[in-house]
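Take a look at the structure below.
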């Protein structure tokens, strides 16, 4: 299993700066966010960017394992083509970044357009499930077919207060689509703040997970906060052991919520370093082997 970090947590940094910092800290892998608003927005990239990122990551001894490609999919039919085009570009970038024999996933939720005035910044409610679930299957089925043709994959991320928020809904979507190009992004924090036991969630979802993420949190919906690892009391050791027992062998990556990033004390460099300290200790305590780092030696590991 790899210990990774998502550049979602570093929205002000260029990918090159993020990769260098994460490698210096000691991370094994990186997820690159290519969503609108990030310097690495897939629509802003040139033909040479993928090769430059691959070369840099190889030189630094850190693996690029997935892309975060969040864009709303629960949109009107006249809006969907532009959203789909953005996601196709993300799938193509994933294919350009992946190594031989790999099918790199892109992650996204079953989301509606963001409403900044919504309570706690969360724009969706689970009440839309009955109304929108057929559309969700159609949209993710279409993306899975596109991913199959391109040679990459799609990871659906269940999200607290979103349309797909619970394990049974996520699994239902996967079963309805029925494609090995569609799996899950298991971000355990979204289930923790719904009061769901870690072991129950992992045992149900880990066998279908392409991607896994963590953050920290306090409280249960609707009264909760997302935090940087170490600021809360989440049991990472239990989570890692459950993931290992479930047979998951991919990356477990830290993703700091935008709500935590907006606090005035947020420093993307410090957040990455502090998160590494917490998670690397949890890997050690859980007795989870991490890969031997390739590339140049890292003084900060």
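Here, each number is a calculation from the coordinates, and none is a lab measurement. None of the values given here were measured: they were computed from a predicted structure. Methodologically, a virtual Cβ is constructed for each residue, glycine included, from the backbone with ideal geometry; neighbour enumeration extends over all protein chains shown.
Please compute the length gained on full extension between residue 14 and residue 44, using 0.36 nm multiplied by the number of residues separating them and subtracting their Cα-Cα distance.
Here the answer is 9.6 nm.
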Given the -39500 (n - 2.57) contribution per DSSP H run of 4+ residues, what per-residue ellipticity at 222 nm results for the chain, rounded to the nearest 500 deg cm²/dmol?
-12000 deg cm²/dmol
Taking other Cβ within 10 Å of each residue's Cβ, how do 174, 93 sort, fewest first?
174, 93
Residue 78 versus residue 281: modelled label distance in nm, points set 7 Å from Cα along the beta carbon direction:
5.5
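Run the numbers for residue 289 and residue 175: contour at 0.36 nm per residue of separation, minus the present Cα-Cα distance, in nm. Please report the intermediate quantities before stating the final value.
Numbers: separation 114, 0.36 × 114 = 41.04 nm, distance 3.18 nm.
Here the answer is 37.9 nm.
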Would you kindly calculate the mean projected area, averaged across all directions, of the convex hull enclosing the Cα atoms of the chain, in square nanometres?
14.4
Can you tell me how much longer the chain between residue 103 and residue 259 gets when fully stretched, taken as 0.36 nm per residue apart minus their C-alpha distance, in nm with one decimal?
53.0 nm
The chain, Gaussian network, Cα under 10 Å: of 224, 210, 283, the residue fluctuating most is 224
What nm value, rounded to one decimal, do you get for the distance between residue 36 and residue 200 when each label is placed 7 Å out toward the C-beta?
3.7
Note on the stretch 2-286, DSSP bridge orientation, antiparallel percent to nearest 5 equals 15
Comparing 81, 222, 264 in a Gaussian network model of the chain (Cα, 10 Å), the one with the largest mean-square fluctuation is 264
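How do 280, 253, 212, 165 rank when sorted from fewest to most other Cβ atoms within 10 Å of their own Cβ?
280, 165, 212, 253
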